[in-house]
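Here the structure is laid out as structure tokens; the discussion comes afterwards.
The values are calculated or read from the model by the stated rules, or taken from the named source; none is laboratory data. Since we're looking at a predicted model, the values are computed, not measured. As a convention, Cβ positions derive from the backbone with ideal geometry for all residues, glycine included, and neighbour counts pool all protein chains shown. In case anyone asks, the SASA skips ligands and DNA or RNA and just uses the protein heavy atoms, side chains included. Shrake-Rupley method; radii C 1.70, N 1.55, O 1.52, S 1.80 Å.
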Amino acid sequence: MLKKSLLSISMIGSILLGAELNIYSARHYDADFEIIKKFEQKTGIKVNHTQARPQELIKRMRLEGDKSPADLFITADISNLTEAKNANLLAPVDSKVLQEVIPSHLRDKDNQWFAITKRARIVVYAKNRGVDPNLVKNYEDLADPKLKGNLLVRSATAAYSKTLLASIIANDGSAEAKKWAQGVLANLASKPKGGDRDQARQVYAGDADFAIMNTYYIGLMKHSKNPKDVEVANSLGIIFPNQDNRGAHINVSGVAMTKSSKNRKEAQAFMEFLLSKEVQEMLTNINFEYPVRSDVKLNETIQSFGQFKEDQLPVSEIAKKVQEAVKIYDEVGFR
Ligand code: FE
């Protein structure tokens, strides 16, 4: 009761003051538009939503400096969040709500960014062609010559690729990680092209039996309006790697307040809104991501992928290895 009346008082205040919030977001998912609409309705705060690729937004914030209108930076991927932090564009946020709801391994150690969703980077295989999933138990198997010419991976410049290698450096050490990158490159069926969904489509087309992709893309394809994508998704089997040891690599989408923010109160309100039970449910039900909150029921589609063990390596530890991952890909000639 008390909470409700407080919210309506702040709502009226916001409307009277003409409060605004400027979001620079690199997330490209339909769920986010619905979430913003809901926030506007609830709070009366007007949201200006600028959407572009993460590197473009980071470049823009750098150029704009203190004059940047951005209050919040939202993006998928630990390496993108790390890049914004290292560019000195983010401000720490001291929020009890965020500290309480987000497990500590999913927050930046300086409180400069916070996970809003999780996704596992998994291996898919051509189940419809009777491929043996036991060929790949661990990420390490992807570098084994037994997979020569039978693996599809997106480009090494893709943020998800950098972050996966960063997690392998953190877990296996630099020397093993370099061997892994070399091995994966040697196993590729073709030169990397397209996004995660394109790797799945190529597996379906028979270009290779295995590919790396994020879990939510499978959910999105299973519910796609394009019947071909539904067929592709249904033809694939899912392998959660490293289940007998550290667990599958978890990447996140995250939110950060910018250093330049002039609407800090509104920005923090939106950050906390993203971690509310209601929004976490939207993120799992519309975008098939895993919620960060532990009290949210998983969407049925991602439940059907099965339970799995997550690598609990703190995001800050992975972040430390991103630069080295870029260097290793470069050294082995993986573009
Ligand atoms: Fe994505």
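Averaged over residues, the count of other Cβ atoms within 10 Å places the peptides 245-256, 50-61, 70-81 in the sequence 70-81, 245-256, 50-61, highest first.
I'd like the carbon and sulfur percentage of the solvent accessible area for the chain, probe radius 1.4 Å, heavy atoms only, ligands and nucleic acids excluded. So the carbon and sulfur contribution to the accessible surface is 51 percent. With contacts taken as Cα pairs under 8 Å at a separation of at least 6 residues, the chain carries a relative contact order of 27 percent.
Comparing Cα centroids, the range 178-212 and the range 274-320 end up 25 angstrom apart. Separation of the range 28-96 and the range 109-168, taken as the distance between their Cα centroids, equals 27 angstrom. Once the chain from SER190 to SER235 is taken as fully extended at 0.36 nm per residue, the excess over their C-alpha distance is 14.1 nm. Accessible surface for VAL203 stands near 0 Å², nearest 10, in the context of the full protein assembly shown (1.4 Å probe). Note the angle between two axes, namely the Cα long axis of helix 277-287 and the longest principal axis of the Cα atoms of the chain, as a number of degrees from 0 to 90, rounded to the nearest 10. The angle comes out near 40 degrees.
Rounded to the nearest 20, the size of the Cβ-charge dipole of the range 268-335 about its Cα centre is 100 debye, with Lys and Arg at +1 and Asp and Glu at -1.
As a rough guide to protection, the peptides 160-172, 176-188 ranked by mean Cβ packing within 10 Å, highest first, stand as 160-172, 176-188. Per residue, the accessible area of the range 165-253 comes to 37 Å² when a 1.4 Å probe rolls over the protein heavy atoms. Accessible surface computed residue by residue for the range 53-160, with neighbouring protein chains in place and a 1.4 Å probe, gives 43 Å² per residue.
Using the 1.4 Å probe convention, the accessible area of the range 285-335 works out to 54 Å² per residue with neighbouring protein chains retained. Kirkwood Rh and Cα-based Rg: tell me the resulting Rg over Rh for the range 63-151, rounded to two decimals. Ratio of gyration radius to Kirkwood radius for the range 63-151: 1.17. In the chain, the DSSP beta bridges split such that about 65 percent are antiparallel, to the nearest 5. Within the shell defined by Cβ-Cβ distances under 9 Å, the residues around ALA76 carry a net charge of +1, with Lys and Arg each +1 and Asp and Glu each -1.
Scaled against the 2.2 N^0.38 Å expected of a compact globular protein of N residues, the Cα radius of gyration of the range 82-210 reads 1.27.
The orientation-averaged shadow of the Cα convex hull for the range 166-232, equal to a quarter of the hull surface, comes to 5.2 nm². Counting Lys and Arg as +1 and Asp and Glu as -1, what is the net charge of the other residues whose Cβ lies under 10 Å from the Cβ of LEU147? Net charge in that neighbourhood comes out at -1.
Here the range 234-252 is scanned for amide nitrogen atoms under 20 Å from the site 7 Å beyond the Cα of GLN307 along Cα-to-Cβ, giving 238-250. Its Kirkwood hydrodynamic radius, worked out from the mean inverse distance over all distinct Cα pairs, puts the range 177-308 at 17.4 Å. Quotient of the Cα radius of gyration of the chain and 2.2 N^0.38 Å, N being its number of residues: 1.01.
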